[in-house]
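The values are calculated or read from the model by the stated rules, or taken from the named source; none is laboratory data. Computed from a prediction, not measured in an experiment: that's the story for all the values here. Ideal geometry is used to build each Cβ from the backbone, glycine not excepted, and the neighbour counts take in all protein chains shown. Quick note on the areas: whole protein, heavy atoms, side chains included, nothing else; ligands and nucleic acids left out. Shrake-Rupley method; radii C 1.70, N 1.55, O 1.52, S 1.80 Å.
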Amino acid sequence: MSHTTTIGVLGGYGAVGGAVVRRLHQNAAASLLVAGRDPSRAEKLVRSLGAGGTLAEPVAVDLAEPVALDRFAARCDLLVNCAGPSYQVLDTVARAALRNGADYVDAAGDDPTYLRLNTDGGTHEWLAGGRVALLSAGALPGLSGILPRYLADIVGSASRLDAYLGGVAPLSPAAAGDVLLSRGPEHGTPGAGWWDGAVRGNSLEPRRGLSLAAFPRPVDAFPFLATEAVRFARARQISEVNWYTAFGGSQLPEQLALSWALGNTARSDLVSAAARDVQRHGTWYGQEFHLWEGSSVEVPSCVLSLACDDSYELSGFMAAAAANAVIAGEVPAGVHFAAEVLKPTEIFQSLTADPVAELSLSSPCGSQ
């Protein structure tokens, strides 16, 4: 798509959606529709944008109402979904975009959505219509798959990757719902690592009290081999990947383990646990990647560290970057994960210049 005129952002006044709207308002060559169930919140967000930038209009849309959703999608050349929880939205908004001739970017939309869009010839529908569906265009998954690709590109031949992703942050109810349901095989494998071309279950132990550059205080890291990590390992033919979720507080991981053990789907319990961690430790988020060139080397060849105050703003950066790539015609038609089609060097350079996060890249890879 090369002549987008209108971008609709569903959930456009939420934590991620608001960050997307603010960025696109300043940078996109398109008018904006700021959409959601609460028109007053959409109007407030539009008023906060100021006089500069592109035109923006508040729109009342409930994704649970098919007629209203189709009416909204018909006004869009590109529809960016920031509404959640993802496990409930699934492919609903994407299919509305396709029906109405719009391209689609999802700040979440991970493997379950991808599988739904690819069943019963779904990919061919997007190709036949010349439309793009770009999924997992947030901080995690999304940026977490792009940054190790950038490292692998500058190193050239990588043998091992260790990744640490997380921190301390408030959870919205939508995000809490996604966290609760992110433990099935379509999301990843707890306790597993990737060795010699296969998922190795129960191969890794938690690492406690780790001090890493991406985090302002020690974290506890729990192994969880995400499907995003497996796709990266296969694409770059890396023999070993150790992928960890990092927690800066104790309340959230304890409540999450309890909820999983009891089959408790109450999102409020996770929201409260995350709030207690924030009250004690503040809000911060990080991603750190250690990459090795040779299997016999003890010290990693490269370390890339990202530190930020707000993971939702970081997801907003990523979703806006994905939207701009679609606008520029840089993404081929079809259904894709963002990390697999966006250009790692361009994302890294944009992120380096953006105040949303601080990046550090160790030598010798930082000097290449």
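Here are the numbers:
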quantity: Complete set of residues in the stretch 29-47 that are touching a strand residue (DSSP E or B) at 6+ places or on another chain (Cβ under 6 Å) and closer than 14 Å to ILE7 by Cβ; calculated: ALA30, SER31, LEU32, LEU33, VAL34, ALA35, VAL46
quantity: Residue that is within 23 Å of the chain's Cα centre (by Cα), among the aliphatic types (A, V, I, L, M) and open to solvent by less than 10 Å² (accessible area, probe 1.4 Å), where the choices are ALA322, ALA235, ALA257; calculated: ALA322
quantity: The stretch 257-279 - residue that is in contact with an Asp or Glu (Cβ under 9 Å, 6 or more places away or on another chain) and modelled with pLDDT of 90 or more and, of those, nearest to PRO170 (Cα to Cα); calculated: ALA273
quantity: Residue list for the stretch 44-61, restricted to those being surrounded by fewer than 20 Cβ atoms within 10 Å (Cβ to Cβ), in a loop (DSSP other than H, G, I, E, B) and touching a residue at least 24 places away in the same chain (Cβ under 8 Å); calculated: LEU49, GLY52, GLY53, THR54, LEU55
quantity: Top-ranked residue of the stretch 133-179 - restricted to ones that are at pLDDT below 95 and of a type in the set (S, T, N, Q), ranked as nearest to the chain's Cα centre (by Cα); calculated: SER172
quantity: Residues within the stretch 261-274 that are of a type in the set (A, V, I, L, M, F, W, C) and surrounded by 15 or more Cβ atoms within 10 Å (Cβ to Cβ), tallied; calculated: 4
quantity: ALA128 assigned to a helix (DSSP H, G or I), among the hydrophobic types (A, V, I, L, M, F, W, C), touching a Gly at 6+ places or on another chain (Cβ under 8 Å) and open to solvent by 20 Å² or more (accessible area, probe 1.4 Å); calculated: no
quantity: Of residues in the stretch 102-122 being out of contact with any Phe, Trp or Tyr (no Cβ under 9 Å at 6 or more places or on another chain), open to solvent by 40 Å² or more (accessible area, probe 1.4 Å) and not basic (Lys, Arg), the one farthest from VAL335 (Cα to Cα); calculated: ASP120
quantity: Failed item, numbered, when GLN287 is tested on (1) in contact (Cβ under 8 Å) with a residue 60 or more places away in the chain; (2) farther than 14 Å from SER144 by Cα; (3) surrounded by 20 or more Cβ atoms within 10 Å (Cβ to Cβ); calculated: (2)
quantity: All positions within the stretch 240-272 that are in contact (Cβ under 8 Å) with a residue 40 or more places away in the chain and in a helix (DSSP H, G or I); calculated: LEU252, LEU256, SER259, TRP260, ARG267, SER268, LEU270, VAL271
quantity: Options ALA83, ALA64; residue that is in contact with a strand residue (DSSP E or B) (Cβ under 6 Å, 6 or more places away or on another chain), within 30 Å of GLU186 (Cα to Cα), modelled with pLDDT under 95 and in a loop (DSSP other than H, G, I, E, B); calculated: ALA83
quantity: Per-region count, the stretch 195-207, residues loosely packed, with under 15 Cβ neighbours inside 10 Å and either within 25 Å of the chain's Cα centre (by Cα) or closer than 19 Å to ARG160 by Cβ (or both); calculated: 6
quantity: Identity of the residue in the stretch 25-43, modelled with pLDDT of 95 or more and under 25 Å from ASP354 (Cα atoms), that ends up surrounded by the most Cβ atoms within 10 Å (Cβ to Cβ); calculated: VAL34
